[in-house]
1. Go through (1) at pLDDT 90 or above; (2) within 28 Å of residue 16 (Cα to Cα); (3) in contact with a helix residue (DSSP H, G or I) (Cβ under 8 Å, 6 or more places away or on another chain) for residue 144 and report which single condition fails.
2. Among the residues that make up the stretch 37-46, is at least one of them in contact with a helix residue (DSSP H, G or I) (Cβ under 9 Å, 6 or more places away or on another chain) and at pLDDT below 90?
3. Would you check which residues across the stretch 147-168 are closer than 18 Å to residue 121 by Cβ, within 20 Å of the chain's Cα centre (by Cα) and either surrounded by 13 or more Cβ atoms within 10 Å (Cβ to Cβ) or modelled with pLDDT under 85 (or both) and list them?
4. Quick one: in the stretch 86-114, of everything that is in contact with a strand residue (DSSP E or B) (Cβ under 9 Å, 6 or more places away or on another chain) and within 18 Å of residue 74 (Cα to Cα), which residue is modelled with the lowest pLDDT?
5. Could you tell me how many of the residues in the stretch 76-89 are touching a helix residue (DSSP H, G or I) at 6+ places or on another chain (Cβ under 6 Å) and either assigned to a loop (DSSP other than H, G, I, E, B) or in contact (Cβ under 8 Å) with a residue 40 or more places away in the chain (or both)?
6. Looking only at the stretch 65-75, count every residue that is buried (at least 18 other Cβ atoms within 10 Å of the Cβ) and closer than 30 Å to residue 32 by Cα and tell me the total.
7. What's the number of the condition residue 62 fails, among (1) surrounded by 14 or more Cβ atoms within 10 Å (Cβ to Cβ); (2) in contact (Cβ under 8 Å) with a residue 40 or more places away in the chain?
8. Cβ contacts < 8 Å: first residue surrounded by 13 or more Cβ atoms within 10 Å (Cβ to Cβ), restricted to the stretch 13-33; second residue at pLDDT 80 or above and assigned to a loop (DSSP other than H, G, I, E, B), any location; separation 6+ or different chain. Result?
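The values are calculated or read from the model by the stated rules, or taken from the named source; none is laboratory data. Keep in mind that this is a model prediction, so the values were computed, not measured. Glycine also receives a Cβ, built like all others from the backbone with ideal geometry; neighbour counts cover every protein chain displayed.
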């Protein structure tokens, strides 16, 4: 583990016995239970062990698959605590502005949005609280330069290592359903018309739920209809 990450883990341990040292995690005049503070420490150390300094995301840049984010199952297994306890700790760290969780979504072939693996980020504010802000900036520059050299050696671009590819994840959500040719063609035509109408409302800036409602009104379909929702 790079020195800045081990140092951050050590300094964050002071929050267990002295929670006032991190006012962002305080809850007014309420005393945070020791079990919860312990969960913070465990999750922080686990997150730092998976942290990519160049992006501050939990995961690994790879030449073959781009940036591979760490999933919750891996975090739970590495932390050694229960999933609900781990999720609560991450939620508190997120609320305190020390972590960020982004949930990417992708439009599938049926015109439905599906959630993909969450992107978890340790924010710079976490290191600022530990008086490691200037050290972080230096180490991030070094980490980025190391990745750049690695990409050059492999005749690739740095963006290739940091790009997230969701195609392989998308395949995990869907299994092909074998249907008669005529039925497949009918469904494909319905889906194409529905997607074309829905895209019009998406370009107009409506949220996905409103896009679906307006599309179904236009095509005289049930309010909850979507091409991928058919059995």
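1. Going through (1) at pLDDT 90 or above; (2) within 28 Å of residue 16 (Cα to Cα); (3) in contact with a helix residue (DSSP H, G or I) (Cβ under 8 Å, 6 or more places away or on another chain) one by one, residue 144 breaks only (2).
2. Taking every residue of the stretch 37-46 in turn, at least one turns out to be in contact with a helix residue (DSSP H, G or I) (Cβ under 9 Å, 6 or more places away or on another chain) and at pLDDT below 90.
3. Those that are closer than 18 Å to residue 121 by Cβ, within 20 Å of the chain's Cα centre (by Cα) and either surrounded by 13 or more Cβ atoms within 10 Å (Cβ to Cβ) or modelled with pLDDT under 85 (or both): 161, 162, 164, 166.
4. 103
5. 4
6. 2
7. (1) is the only condition that residue 62 fails.
8. As it stands, the answer is 22/96; 24/96; 24/97; 24/98; 25/96; 25/98, since those pairs meet every condition given.
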